[in-house]
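The values are calculated or read from the model by the stated rules, or taken from the named source; none is laboratory data. Just so you know, these numbers come straight off a predicted model, no measurement behind them. Cβ placement follows ideal geometry from the backbone for every residue including glycine, while neighbour counts extend to all protein chains displayed.
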Amino acid sequence: MKKWRGVKTLVQDAVDKGSTAVEQVHMRTAAVPFKLLEKVPPLTAPVRGVHAVHDLAVSGSYGMVRLVNRVAGKVLDVAFDVLEAE
């Protein structure tokens, strides 16, 4: 059971760190066209609004991946506890 807990921890860490890294790349990559479009005077305000909504949606999505990852880890911890108790 100890090995399974170790595998669970490794997978959980990989998902957490991986999703954080991908989120950062996603945000930096998406920022480039937004920054360019924000330099066009008639588009500045609308693009800033779209950029803010985009960043919020991206942060929320990757945050949800990390939340589900943590919840799945807790569920597995309980399952492992039950299996060990038997």
Any residue at all in the stretch 28-37 that is closer than 30 Å to Val71 by Cβ, modelled with pLDDT of 95 or more and loosely packed, with under 11 Cβ neighbours inside 10 Å? yes
Close pairs (6 angstrom Cβ cut-off, 6 or more residues apart or separate chains): within 12 Å of Ser59 (Cβ to Cβ) and at pLDDT below 95 in the stretch 7-26, part of a helix (DSSP H, G or I) and not basic (Lys, Arg) anywhere: none
Quick one: what pairs do we get from the stretch 52-76, first residue among the acidic types (Asp, Glu), second at pLDDT 95 or above and part of a helix (DSSP H, G or I), C-beta under 8 Å, 6+ apart or different chains? Asp55/Met27; Asp55/Ala30
